[in-house]
1. Give the residue that is most open to solvent (accessible area, probe 1.4 Å), with candidates limited to residues of segment 402-416 that are out of contact with any Phe, Trp or Tyr (no Cβ under 8 Å at 6 or more places or on another chain) and modelled with pLDDT under 95.
2. Just the residues that are part of a helix (DSSP H, G or I) and without any contact (Cβ under 8 Å) to a residue 12 or more places away in the chain, please, taken from segment 412-458.
3. Taking segment 222-244 on its own, how many of its residues are basic (Lys, Arg) and under 20 Å from Ser270 (Cβ atoms)?
4. Residues of segment 549-570 being open to solvent by 20 Å² or more (accessible area, probe 1.4 Å) and either within 28 Å of Tyr318 (Cα to Cα) or in contact (Cβ under 8 Å) with a residue 24 or more places away in the chain (or both), which ones?
5. What helices (runs of 4 or more DSSP H) lie completely within segment 280-384 and have 1 or more residues being touching a residue at least 40 places away in the same chain (Cβ under 8 Å), within 19 Å of Leu237 (Cβ to Cβ) and of a type in the set (S, T, N, Q)?
6. For segment 45-66, does any single residue satisfy the condition of being assigned by the TED database to the domain that holds Val167, modelled with pLDDT of 75 or more and within 27 Å of the chain's Cα centre (by Cα)?
7. Just the residues that are in contact with a strand residue (DSSP E or B) (Cβ under 7 Å, 6 or more places away or on another chain) and surrounded by fewer than 19 Cβ atoms within 10 Å (Cβ to Cβ), please, taken from segment 73-100.
8. Here is a list: Ser535, Ser447, Ser505. Which entry is more than 23 Å from the chain's Cα centre (by Cα) and within 30 Å of Asp101 (Cα to Cα)?
Amino acid sequence: MGIDLAVTGNTGINLLNANGVGLFEMNFDLENGVSSKIGMGGYDMSAGTIMSAINGMSTYKTSRDILNQGFSGDRAAAMRMLASYAADETDERFEQLMNGDAEFTIEEGDGNAKTEQDENGRISMRIDSQEGTNGDLLTGIALIHEAFRNGLDDGETGQQQETAESVIHHTIAAQMVGQGYGMSSLSDSLKDEIKILNSEGGIQKLAQHAVENYDWSADYWLLTAEGNIVFDGKKDLYDENGELLRKYEGTGGFTDSLADQLGISKQEASQMMVDAGWTYDSGTFTKNDGEIDVLNDSSEALTTSDNFKARYFVQRDYVDKLWSDFGGDAGAMVESLQDNLQGSFASGEFGGVQAEMLNMTAGLSDFATVYDRAMYGDDSDPIAHPGFLDQERFEEYSQPAVEEAFNRIREGWSYDDDNPMYELIGDGKVIDPISGFDYITTRSKYSDGSEHGWNGGEAIDFGTDKNNLPIYTTFHETIIADRNSFSWADPNNTKNGYGLNLRTSNDFFNNIYGHLQPKTEAGETLNNIITTSMSRNIFRFSLPPGYNFGNVGNTGNSTGIHLHWELFYK
């Protein structure tokens, strides 16, 4: 019954009424409430039937609580399935999600899921969206799977046990769904796992299947100040200060992720670890037959190539300091690099890394040309090629009041209308991303009470009286140089999700600007910076406050021209 209510939002139960005549038909509907009537279809006096009705009342209340907490759509269906599974682990994760001690998002992807736990013990789960008419069922199964993960590296044995347990329980959940909605509602891989589960010795066979076919490793990488690489427990590539440089989009193990981050083959990555004396043992890398654990040990870092070091040093010492040290003048940044390399040569300190940095100057010069032209325009033809940095807005948004406003939002963060963002963002307020008249149309909830933030963030919508007004950055925003930073939520359907959207990060939040107008000059210019960065081996770059990156649009799941700005607490 819980699964039925979880997926459909309504269900019913037949219960013997008090005087023994006919049936007392009780129906649970999340929109219309609880109703009942006397029926004449015979009756069932079994304790199981009576208990089902009692449990149904509990399920109905839980479902209403989920909606009241702001979950909607597939996220609400997945939460109802999580609540209905009734294992200790799923009950605990459900309470964490309801209390805000955990969060989960549904994102575009290849059908993967990931659970992480931060230093404060907060759980974050990401589940890729599931396609087809039964996507809500598959999302719920995936959430049950992730409920058995703690987001920590528990060592090789612990990771394998955790993965096996997750797969066993998601298979049991899948079997429950298959019994209620037919096996055709499940993916082929889930059907295969159900067959394994129901075979002789099924639990042991399924556990072995999980270890052999699921990624259970904690395989992540961190750079040191010297440009070498440390195994640190986070999957993507981070700089020495813990800031994201590059996301790993694959699904392979630690060797594959290392190869991807360094731009080398999997065989070369494997040889690097062999040469360093590393072996994989109990969930981490060790040396000297397990005597030395290299996790987060910078003294045991893998030595990267001169080429990779050069790429990182150019990023860290020049591109990342474009505004703090060079005042936004990318040409001056390139000149500084060239001067420093000449100084190294003159002093006899010109080695392999410096030679690789010299090789990068041509590409960095290309980036600088594209970047400066985007910011300030082309002096020889300012009408055909205008700059997109508004100097007045740059000066306005560089004032301390803007930073103070973002800090107030962060300190007062909540997932309701009391969030300070609704007081501080908008037309005529401290933070105003739109040029022209705009007004807030939606705050934390839609009119039906469902959650406005689609992927675990807090969102604000701005109407513009159907005008495609320019949108500006209001703080220094970092953009990762990859194809997902400025892209369509669904390239095959421009009316899905956020539509054309930009993803950025700043000192306070990660951001998504959704429903942008396509094929604008500002958007095409930004896309040119991103593609140039990717082709010139630049990890990321910063847009200053007051930069026009696009226009308000109506792409994606949108019913009219507006800006959807979603902030994610970092």
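The values are calculated or read from the model by the stated rules, or taken from the named source; none is laboratory data. These figures come from a predicted structure and were not determined experimentally. Here the Cβ positions follow ideal geometry from the backbone for every residue, glycine too, while neighbour counts run over all protein chains shown. Quick note on the areas: whole protein, heavy atoms, side chains included, nothing else; ligands and nucleic acids left out. Shrake-Rupley method; radii C 1.70, N 1.55, O 1.52, S 1.80 Å.
1. Within segment 402-416, the first condition is being out of contact with any Phe, Trp or Tyr (no Cβ under 8 Å at 6 or more places or on another chain), and the residues that meet it are 404-405, 408, 411-412, 414-416.
Among the residues that remain, those that are also modelled with pLDDT under 95 are: 411-412, 414-416.
On the way: Glu411: 142, Gly412: 31, Ser414: 25, Tyr415: 84, Asp416: 61 Å².
So the residue we want is Glu411.
2. First, pick out the residues of segment 412-458 that are part of a helix (DSSP H, G or I): 421-424.
Result: Glu423, single match.
3. Step one: of segment 222-244, the residues basic (Lys, Arg) are 234-235.
Of the ones still in play, those that are also under 20 Å from Ser270 (Cβ atoms) are 235.
Count: 1.
4. In the first step, residues of segment 549-570 are kept if they are open to solvent by 20 Å² or more (accessible area, probe 1.4 Å); the result is 551, 554, 557, 559-562, 568-570.
Scanning segment 549-570 gives Asn551, Asn554, Asn557, Gly560, Ile561, His562, Phe568, Tyr569, Lys570.
5. On the way: elements: 306-317, 330-346, 352-376.
Qualifying helices (runs of 4 or more DSSP H): 306-317.
6. Within segment 45-66, one or more residues are assigned by the TED database to the domain that holds Val167, modelled with pLDDT of 75 or more and within 27 Å of the chain's Cα centre (by Cα).
7. Just the residues of segment 73-100 that are in contact with a strand residue (DSSP E or B) (Cβ under 7 Å, 6 or more places away or on another chain), to begin with: 74-75, 93, 96-97.
Hit for segment 73-100 is Gln96, nothing else.
8. Working: Ser535 fails: within 30 Å of Asp101 (Cα to Cα); Ser505 fails: more than 23 Å from the chain's Cα centre (by Cα).
The conditions single out Ser447.
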